[in-house]
Amino acid sequence: MGQAQTRSTKKIMKNKRNPKFEAKEEYFIRNGGILLEKQIAISEGQCIGARQLKIFSKEDIEKATNNYDPDLIIGRSITIAHRNVYKTILEDRIVSIGAPIHPDYNPKLVDRYLTEAAMAMVMNHGNMVKFYGCCLETATPILVHEFLPNGSLFQHLHANDVIAIASNKRVTIIKWADRLKVATGVAYALSYMHNALSKPVVHRGINSSMILLDDLFHAKFANFGLSVSVTPGEKPQRRPVEGTPGYICPEYIETQEVTEKCDVYSFGVLMLELLTRRHPLTMARSGEDLVEEFVTGLVKNCMMMEMIDSEVLGQTNRGEIQRVAKLACSCVAKKGDERPTMIEVVKELWLIQGRINK
């Protein structure tokens, strides 16, 4: 077996510039090797606490999806992951399977999918979507996650109430109390990413489509394909700008330096989205900037209140709105060192909800 693996590996290296893989075993060797390298890099070689990854065969996935039956598709991600999401049953549980929209080899997507898998192996938090495993026998890896019945936060903020989600429930506009619950859950997850691991992990892909909801509207953070680990105390590493327009930190766009404060900015944009029910990506595509418009409105207090979603105005008081708006604006401060940490954000959200005393 060792000789066969060596021959396969040599064949892959020979075709590295223009890979043409013919056998699922060769896909497995390539994808598995990259995944292992990523996992070791993220955990700094320390696999303590890392979770075992379930490896599904190509046949397992084909059987579960009925050969990728389009009737099983419940969603499609095109902004970052470029995959169809299938709702199905695998090993006696309901799961979502993310398979590439285009099956051809795409090194950028391979890197994102394997990054997501590697991150899942070293991270474990109640506000993150559970990762069950992956298939490495295809040109681009296929990922298997838990199924969340309430769809995405995006659907509950921006879809109108006649559209049904995958669980056959009708989408309703999310209530203010649940929006605060979602914000707190996402803040917890980011605080964990920034502080609980050997090296902080920056998500870089925060937007309302990346946040899935369970039956009780608990937030589950998803899609870690753009995530990178950073080394505390060292000069931030420069990386090509990634993320969703409208949510990306301007400082990151200017310097290409990745720090935890990039996520803090994106989270601040998400909070403004929760307050206003305006979609940052849609605004960015039309040349508008949610942050700029809201901060300008905050200076003119009455103008800021005009931007608040009518559902919010009817469900809470002006004082709470102002406290949340102030927190959001601190997160989107122009300079990273002027923004709070995610630990501080979590504490303030608890204070706003009256769950702890100062």
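The values are calculated or read from the model by the stated rules, or taken from the named source; none is laboratory data. Here the structure is a predicted model, which means the values were calculated and not measured. Here the Cβ is made from the backbone with ideal geometry for all residues, glycine too, and neighbour counts use every protein chain on show. Only protein heavy atoms, including side chains, enter the accessible area calculation; ligands, DNA and RNA are left aside. Shrake-Rupley method; radii C 1.70, N 1.55, O 1.52, S 1.80 Å.
Check segment 285-292 and report whether any residue there is of a type in the set (S, T, N, Q), farther than 20 Å from Ile253 by Cβ and open to solvent by 10 Å² or more (accessible area, probe 1.4 Å).
No, every residue in segment 285-292 fails to be of a type in the set (S, T, N, Q), farther than 20 Å from Ile253 by Cβ and open to solvent by 10 Å² or more (accessible area, probe 1.4 Å).
Of Glu59, Glu25, which residue is assigned to a helix (DSSP H, G or I) and modelled with pLDDT under 85? Full working, then the answer.
On the way: Glu59 fails: modelled with pLDDT under 85.
Answer to the check: Glu25.
Of the residues Met123, Met119, which single one is over 21 Å from Asp214 (Cα atoms) and crowded, with 22+ Cβ neighbours inside 10 Å? Walk me through it before giving the result.
Working: Met123 fails: over 21 Å from Asp214 (Cα atoms).
Just a single option satisfies the conditions, and that option is Met119.
Hey, can you tell me all the residues within segment 293-321 that are open to solvent by 60 Å² or more (accessible area, probe 1.4 Å) and closer than 14 Å to Trp176 by Cα?
Scanning segment 293-321 gives Ser310, Glu311, Leu313, Gly314, Gln315, Asn317, Arg318.
With the condition being in contact with a His (Cβ under 9 Å, 6 or more places away or on another chain) and without any contact (Cβ under 8 Å) to a residue 60 or more places away in the chain, I'd like the helices (runs of 4 or more DSSP H) fully within segment 284-348 carrying at least 3 qualifying residues.
So the answer is none; nothing clears 3.
Restricting attention to segment 199-250, report how many residues are in a strand (DSSP E or B) and either closer than 26 Å to Ala99 by Cβ or open to solvent by 40 Å² or more (accessible area, probe 1.4 Å) (or both). Talk me through it step by step, then tell me what you get.
First, the residues of segment 199-250 that are in a strand (DSSP E or B): 201-202, 211-213, 219-221, 228-229, 238.
Then keep just the ones that are either closer than 26 Å to Ala99 by Cβ or open to solvent by 40 Å² or more (accessible area, probe 1.4 Å) (or both); that gives 201, 211-213, 219-221, 228, 238.
Here the count works out to 9.
Condition first: open to solvent by less than 40 Å² (accessible area, probe 1.4 Å), in contact (Cβ under 8 Å) with a residue 60 or more places away in the chain and more than 25 Å from Tyr252 (Cα to Cα). Can you find one or more residues in segment 186-194 that meet it?
Taking every residue of segment 186-194 in turn, none turns out to be open to solvent by less than 40 Å² (accessible area, probe 1.4 Å), in contact (Cβ under 8 Å) with a residue 60 or more places away in the chain and more than 25 Å from Tyr252 (Cα to Cα).
Just checking, how many residues over segment 255-280 are over 15 Å from the mean Cα position of the chain (by Cα) and closer than 27 Å to Leu109 by Cβ?
Selection size over segment 255-280: 8.
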